[in-house]
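A.B. asks: To start, I am sharing the structure in question, which I have written as C-alpha cells.
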Amino acid sequence: MIRYVVSRLGLAIVMALLATLVIFLIANTVPGDPVLAQLGDVAASNKEFLAQYRAKWGLDLPLWERYFIFLKGLVHGDLGISIATQRPVIEDIAAYAPATIELATAGFLLSMLVGIPLGILAAVRRDSWIDHTARFLSLIGVSSPTFWLAFIMLAVFYGGLQIAPGPGRLDSIALPPPAITGLFLVDTLLEGDWDAFRDALGHLVLPSVVLAATTLGLITRTTRASMLESMQQDYVRMARAKGLKERAVVISHVLPNALIPVVTLAGLAYANLLTGAVMTETVFSWPGLGLYTFRSAAALDFPAIMGITIVVAVTYLLINLIVDISYALLDPRVLR
Amino acid sequence: MNVLNVALESKMLPPSSRTRRWMRRYGLASLGAGIILLWLLIALTAPLISPYLPDTVDVANRLQPPSLEHWLGTDALGRDVLTRLLYGSRISLMTGFIVVVVSAVFGTLIGGIAAFARGKVEELIMRVTDLVLCFPPIILALAIAAALGIGTTNTIIAMLVVWWPKFSRLARGLVIVQRSQEYVEAALVVGFSPSRILVRHIIPNAIGTLIVLVTLDVGNAIITFAGLSFLGLGVVPPTPEWGSMVAEGRELVEQWWVASFPGLAILTIVLGFNFLGDGIRDWLDPKSRRR
C-alpha cells in the first residue's frame, strides 16, 4: 500500500513539473512580443528603453534560464505579479479561492445528493417512468450550455419572479463577514449572524444549481450503469436465491460494489467543478477563481493566467491522486 | 437478436405495438438525427431562408420584442435575432465537426501506434497524453486561445490541443483488446506489416465505439466553442455566433429574447448529438440495450 502511494505521489510530482513547463512554453512562445504589447508604440520605438525593460524583467535571457528562474519563484510560492491588479498572483488567488470552494462544494453536494439516489432508482426500476425521466433529465443537464442556463435562471427567478437574490455572494448593501475561512456560510455561522447566513445561502442557491446541472447528469448515468452491471453478478443472484428481500439485496449487496466507479467519477467531478466554474461565476458575478480567470484572459494578463493554470493543474493532480488512493482502499484488487 | 424474434416482431405483433417497439429502439436516435439534419439544412441554406442580413444595423429598431417583422426580436444594435441565429448554426456546426474529426483521426492514430508499438514509444505517447489530460480542458483552451489571440482559427487550434488525448487513450484501449484477437495473429503470420494491420484490420473493428464517442463529442465541442466565444475568445464580432450572442444579451434580463434564443439553439443541437450518440450506444452495446 505504502509503495503504491509513494509511486503515485512520485508520478504526480513529475506530472506537475512537466505541467509547469507546458504552461511556461505556452506563455513564452506565443506569436507576438509581450513586451511590445505591454509598452505601447511610443515606448517601444525607443531602442534603449526597450533593452532596459527586457533586462529588468529578465526577458533578454535564454528561454531555459527564464524557465529556471520561473521555477525557482514557483517553489517559493511566487507566481509573479498580475499586470491587471498589480498584486502578487498568489495573493489574488488566495483572495478569490474561498468563493469558488464554497460554490463548488455546494454544487457537488447537490449533484451527489440528487444524482446517486436518482441513478439507483433508475436502475432498480429499469424502463419505468422514473428511468426515462432520469435519462431525459440527465441528457438535458449535459446538453445545456452552462452560461446560458445561468442567464435563464437569473432572468426567471431574479428578473421575472423576483424570488431569488441577484448576482454576487451577498446583497449589494451588505458587508462581507469578517474573513476567518473566507467561506461566507462558515464565517457567518461562526459569528452567529443568522441574517447574513441566510443572505449568503440565498445567493448560493441559483449558481450551485446551475453548476450542478452538468455533473448531475453524469453522476446519475454512471450510478445507473454501475448498478445494472452489479445486479447481474453471481453474488446478487445468490443473495436473491437465499431469500433476501429485494431491498436488502440492493442495499447490502449491489450498492457497495456499484458505488466504486461513482467514487472515481465524484473525485473527477469535484475537480471539474472547482476548476470549471468559469461560466457560472462570470454570469453570477461570483468573485471566485473562475471570474478571475475570465478577467485575466480578457485582459491578456499572462502572469495571472499562468499562475491560475498552474494552481488549477496542481489541484487537479492532487484530487486525482486522492481518488487513486481511495480507490485502492476501496478495491484492494488495484494493488495487485 | 435471433431469427425467431425478428419473425415475431414483424409478423405477429399488431401494428401499433410494432410502432411502439420501433420508437423505443430507434426513437431517440432518430429524433437526434432529425434535429441534426434540420440544423445542417439551416446552415446550408441560411442566406436563402433568413429574413434579413446578419449584420445590418438598424438603431431605430433596437431591442424590439418578438413580433411579426422580427420573429425573435432584435438585439442592442437592431439586428434581427432570428437571422443571426440561423447564420450562427454555420460556425457552430463547422467548428464542432472540425475539432472532433481532426482530433479523432489524430488521436486514434497516435493511440493505435502506442498500443501497437509498445515499449518506449507507447510509454512516451501515453505520458504526453496524460500530461495534456492533467489540465482542465476549458482552462487550458482558455490559456492557449488567449495566447494565440482572438479568432475562430486560433480558438479551434486551442481546442484541438486539448481535445485529441481522450481519443488516443480510448483508441489505445480498443486496439489492445483487438491486438490479442486471433485475426490479428493470423494477419501477422501472413506477413502483413503492422501499419497495414492497424489501419486495415484493427481500426475498422474498433470503429463502432469510436463513432459513438465522436458523435457524443460533437455536441461537447459545440458547447465548448460557444463557451469560449461567450467569454470573448471565439469569434471576432460582428460574426454571428451563438455563444457571443448570449454574451451580448447577458446583461439584458428585461430583453430576454436576445440571449435566450441563441442559447436554446445550442441546447437543441447538442441535445440532437447526445440523443443520437445515446441511441447508437444502445444498439452497439447489447448489455445496455433497452427492451
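We did not get these values from a lab; they are worked out from the coordinates using the rules stated. Bear in mind that the values here come from a model prediction, so they are computed numbers and not experimental data. We place every Cβ from the backbone using ideal geometry, glycine too, and count neighbours over all the protein chains shown.
A.B. asks: What is the sum of charges around residue A:181, taking Lys and Arg as +1, Asp and Glu as -1, for the other residues whose C-beta is under 12 Å from the C-beta of residue A:181?
C.D. replies: -3
A.B. asks: Helix A:89-124 against the longest principal axis of chain A: what's the angle in degrees, Cα atoms only, rounded to the nearest 10?
C.D. replies: Its long axis makes an angle of about 20 degrees.
A.B. asks: Mind checking segment A:87-142 for trypsin sites (Lys or Arg not before Pro) that DSSP puts in a loop (not H, G, I, E or B) and that have at most 14 other Cβ atoms within 10 Å?
C.D. replies: A:125
A.B. asks: How high is the relative contact order of segment B:2-289, given as a whole-number percent (alpha carbon pairs under 8 Å, six or more residues apart)?
C.D. replies: Taking the mean separation of contacting Cα pairs over the length of segment B:2-289, I get 24 percent.
A.B. asks: Using alpha carbon coordinates only, what is the Rg to Rh ratio of the protein assembly as shown, with Rh defined as the Kirkwood radius?
C.D. replies: Result for the protein assembly as shown is an Rg/Rh of 0.98.
A.B. asks: Could you state the angle between the C-alpha long axis of helix A:194-231 and the longest principal axis of the C-alpha atoms of chain A, as a value from 0 to 90 degrees rounded to the nearest 10?
C.D. replies: Roughly 60 degrees, rounded to the nearest 10.
A.B. asks: Going by how many other Cβ atoms sit within 10 Å of their own, how do B:223, B:176 line up, fewest first?
C.D. replies: Least crowded to most crowded, the residues run B:176, B:223.
A.B. asks: Under the rule of -39500 (n - 2.57) per DSSP H run of 4 or more residues, summed and divided by the residues of chain A, what mean residue ellipticity at 222 nm is obtained, to the nearest 500 deg cm²/dmol?
C.D. replies: -23500 deg cm²/dmol
A.B. asks: Here is a further query. Within 10 Å of each Cβ in peptide B:129-135, how many partner chain Cβ atoms are there on average? Round it to a whole number, please.
C.D. replies: 5
A.B. asks: Most exposed first by the Cβ proxy, i.e. fewest other Cβ within 10 Å, how do A:230, B:193 rank?
C.D. replies: Lowest count first: B:193, A:230.
A.B. asks: Moving to a separate point now. Taking every pair of Cα atoms in chain B, average 1/r, invert it to obtain the Kirkwood radius, and report Rg/Rh to two decimals.
C.D. replies: Checking Rg against Rh, the ratio lands at 1.07.
A.B. asks: Let me ask another. In degrees between 0 and 90, to the nearest 10, how far off the longest principal axis of chain A does helix A:129-143 point, with axes built from Cα atoms?
C.D. replies: 10
A.B. asks: In whole Å, what is the distance between the alpha-carbon centres of segment A:255-281 and segment B:196-212?
C.D. replies: Spelled out, the Cα-based centre of one part sits 31 Å from the other.
A.B. asks: Cα atoms only: what Rg and Dmax, in Å, come out for segment A:141-208?
C.D. replies: So, for segment A:141-208, Rg and Dmax equal 13.7, 41 Å respectively.
A.B. asks: According to a simple spin-label model (label point 7 Å from Cα along Cα-to-Cβ), what is the distance in nm between residue A:180 and residue B:26?
C.D. replies: Label at residue B:26, label at residue A:180, 6.4 nm between them.
A.B. asks: Sorted from fewest to most neighbouring beta carbons within 10 Å, what does the list B:242, B:283, B:164 look like?
C.D. replies: Neighbour counts put them in this order, fewest first: B:283, B:164, B:242.
A.B. asks: Any chance you could get the radius of gyration and Dmax over the Cα atoms of segment A:97-299, in Å?
C.D. replies: 19.8, 67
A.B. asks: Sticking with this one: Using a cut-off of 14 Å between beta-carbons, work out the net charge of the residues near residue A:325 (Lys and Arg +1, Asp and Glu -1, residue A:325 not included).
C.D. replies: Overall, the nearby charge balance is 0.
A.B. asks: I've got another one for you. Give, to the nearest whole percent, the P(r) tail of segment B:201-248 beyond 16 angstrom, counting all Cα pairs.
C.D. replies: 51
A.B. asks: Okay, moving on. So which helices of chain B fit the span-like rule, where a helix is a whole DSSP H run, its Cα atoms reach 15 Å or more along the axis, and its mean Kyte-Doolittle is at least -1.0?
C.D. replies: B:15-49, B:81-117, B:119-133, B:137-148, B:152-179, B:203-230, B:257-284
A.B. asks: Determine the sum of side-chain charges near residue A:121: Lys and Arg each +1, Asp and Glu each -1, restricted to other residues whose C-beta is under 11 angstrom from that of residue A:121.
C.D. replies: +2
A.B. asks: Compare the peptides A:96-108, A:148-160, B:126-138 by average per-residue count of other Cβ atoms within 10 angstrom and give them in order, highest first.
C.D. replies: Ranking, from highest mean packing down: A:96-108, A:148-160, B:126-138.
A.B. asks: Across the Cα atoms of segment A:74-128, what radius of gyration and what greatest pairwise Cα-Cα distance (Dmax) are found, in Å?
C.D. replies: In order Rg, Dmax, the Cα atoms of segment A:74-128 give 20.3, 58 Å.
A.B. asks: A further question follows. Taking only DSSP H segments of four or more residues, each worth -39500 (n - 2.57), what value at 222 nm results for chain B once the sum is divided by all its residues, to the nearest 500 deg cm²/dmol?
C.D. replies: Calculated from helices alone, the mean residue ellipticity at 222 nm is -24000 deg cm²/dmol.
A.B. asks: Continuing with the same structure: For residue A:242, which aspartates and glutamates qualify as cross-link partners when the Cα separation must be under 17 Å and same-chain residues fewer than eight apart are set aside?
C.D. replies: Straight-line reach from residue A:242, under 17 Å: A:234.
A.B. asks: Please work out the ratio of the alpha-carbon Rg of segment A:218-329 to 2.2 N^0.38 Å and round it to two decimals.
C.D. replies: 1.55
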